[in-house]
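Trainee: Take a look at the following structure, please.
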Amino acid sequence: MFHCILVPTDGSAITAKAADKAIELARLTGATLHALAVREPFPFSAVSEMQPAPPAEFYEAQERIANQRVAAVCTKAAAAGVRCETHSEEALQPWEAIVNAAKAHGCDLIVMASHGRRGVSALLLGSETQRVLTHTSVPVLVVR
């Protein structure tokens with residue numbers, strides 16, 4: 001049924017739950033799992049004197065954190081006998097990186113978490129999941 005499943009992770013408990021579902025689906029269908037972590041771009045201009053860390057340190061930290069997040073998913077996948085590939089992308093908007101990764105890797109399913117915002121906070125903050133649903137033609141399984 002599915003051959004290639006993308007699961008984005010931000011290291012939170014709810015994305016771990018989504019990863020568990022993605023691993024289960026991949027195991028049942030024989031699909032390859034693609035774990036994705038989205039890195040933040042450097043938040044300050046190059047001329048700012050108020051930088052909390054030099055850009056190189058920031059990028060190294062972002063890469064290290066992203067690698068830890070996708071490695072955690074792949075460790076669980078390996079324990080379940082599921083083939084897993086890891087990816088990290090830098091993007092200002094995580095939903096764009098998710099949509100682009102699904103397309104680039106030929107994924108036929110995206111499994112992602114809903115962070116469960118409701119009411120005014122959902123309206124003001126929006127939802128990466130909602131944006132992915134709006135901008136992709138790939139089926140999306142939303143885990144709560």
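The values are calculated or read from the model by the stated rules, or taken from the named source; none is laboratory data. None of these values were measured; they are calculated from a predicted model. No Cβ is skipped: glycine too gets one built from the backbone with ideal geometry, and neighbour counts run over all protein chains shown. Ligands, DNA and RNA are excluded from the accessible area calculation, which covers all protein heavy atoms including side chains. Shrake-Rupley method; radii C 1.70, N 1.55, O 1.52, S 1.80 Å.
Trainee: Identify all residues within the range 59-83 that are open to solvent by less than 50 Å² (accessible area, probe 1.4 Å) and closer than 16 Å to T15 by Cα; write none if there are none. Break it down into steps so the answer makes sense when it comes.
Mentor: Let us first name the residues in the range 59-83 that are open to solvent by less than 50 Å² (accessible area, probe 1.4 Å), namely 61-62, 66, 70-71, 73-74, 77, 80, 82.
Passing the criteria: A66, V70, A71, V73, C74, A77.
Trainee: Pull up the range 1-38, narrow it to residues that are in a loop (DSSP other than H, G, I, E, B) and under 20 Å from E63 (Cβ atoms), then point me to the one that is least open to solvent (accessible area, probe 1.4 Å).
Mentor: Per the stated criteria, the residue is T9.
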